Amino acid sequence: MDKVLIAIPSEAPGGMESPLGAHFGHCALYTLVSVENGQVQNVDVVPNVPHQQGGCMAPVQYLAEKGVNRLIAGGMGLRPLMGFHQVGIEVYHGGQARTVGEAVQAAIEGQLAQFGQEHTCGGGGH
């Protein structure tokens, strides 16, 4: 992991100690964590975009525009998962992580499984 920007759906107020949001498209905000050579460099919190405009693809485009390379999520439907793949964002399952910090550390250590079709929560789980 050289240099990546990881987005994690988060509960308020966001940041490394915040609980993970259950589903990426319906979270209130994202914690964006810049990691370089295995070290956290910067942490930002950004609000999610309204889900109505563009449906579940709106957050995909929003995060791509922010420069996100990876997303750690608890679940999502196939359509947004395919959208992330199309814009070059790798999607990982948050596993047993309870907080953003735990999820980021697990990502740094290579302990998170990458999402595939078999890991989605179903079409409505965005």
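The values are calculated or read from the model by the stated rules, or taken from the named source; none is laboratory data. Model, not experiment: these values are computed from the prediction. Note that each Cβ is placed from the backbone with ideal geometry, even for glycine, and that neighbours are counted across all protein chains shown.
Quick test of your reading of the structure: V100 fulfils all but one of (1) closer than 13 Å to A7 by Cα; (2) surrounded by fewer than 20 Cβ atoms within 10 Å (Cβ to Cβ). Name the failing condition by number. All conditions pass for V100, except number (2). Give me the residue from segment 16-32 that is surrounded by 17 or more Cβ atoms within 10 Å (Cβ to Cβ), in contact (Cβ under 8 Å) with a residue 60 or more places away in the chain and more than 10 Å from the chain's Cα centre (by Cα) and, out of that set, nearest to I108 (Cα to Cα). Selected residue: M16.
When segment 71-82 is filtered for residues that are surrounded by fewer than 22 Cβ atoms within 10 Å (Cβ to Cβ) and over 11 Å from L20 (Cβ atoms), the ones remaining, listed by number, are G77, L78, R79, M82. All of A97, A64, A58, A113 fail the test of being modelled with pLDDT of 95 or more and either of a type in the set (A, V, I, L, M, F, W, C) or within 25 Å of A12 (Cβ to Cβ) (or both), apart from A64. Among the residues of segment 18-34 satisfying the criterion of being in contact with a helix residue (DSSP H, G or I) (Cβ under 6 Å, 6 or more places away or on another chain) and at pLDDT 95 or above, which is nearest to Y62 (Cα to Cα)? Taking the candidates together, the pick is T31.
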